[in-house]
Amino acid sequence: MENTIVLTSRTQENPGRRFFRYGTTSGPGHLFKWVDEANSEELGLLADRQAMLEQDLAQLKQDVLDLKTDISEILDVLESIRSNA
């Protein structure tokens, strides 16, 4: 099993730019990705996930408020029943 490694470009076009490499240097099992581009993509995915989690949290907060209202109404009905008994 091969590991992904981080290397540094020594080309004129991208001197010092870091990249990921997995597998052979070329061919079907080859993976190449610039580190800065991979990080940017990952941050975008994390931002999307955070937005989804914030929406879920807001919905959960509303659900809790609705449950508290329901519980309060149930307690009022029970108190009314006790008072009339």
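A short reminder: the numbers here are calculations on the coordinates, not readings from a lab. What you are looking at is a predicted structure, and each value in this text was computed from that prediction instead of being measured. With ideal geometry, Cβ positions are generated from the backbone for all residues, glycine too; neighbour counts draw on all protein chains shown.
Note that region 13-85 shows a convex hull volume over its alpha carbon atoms of 131 Å³ per residue.
Ranking Ser40, Pro15, Met52 by how far each Cα lies toward the positive end of the dipole of the chain (charges on Cβ) leaves Pro15 at the top. Modelled label positions at Glu79 and Leu57, each set 7 Å beyond Cα in the direction of Cβ, lie 3.4 nm from each other.
The GluC sites (Glu not before Pro) found in region 7-85 that occupy coil by DSSP, while having at most 12 further C-beta atoms within 10 Å, are Glu13.
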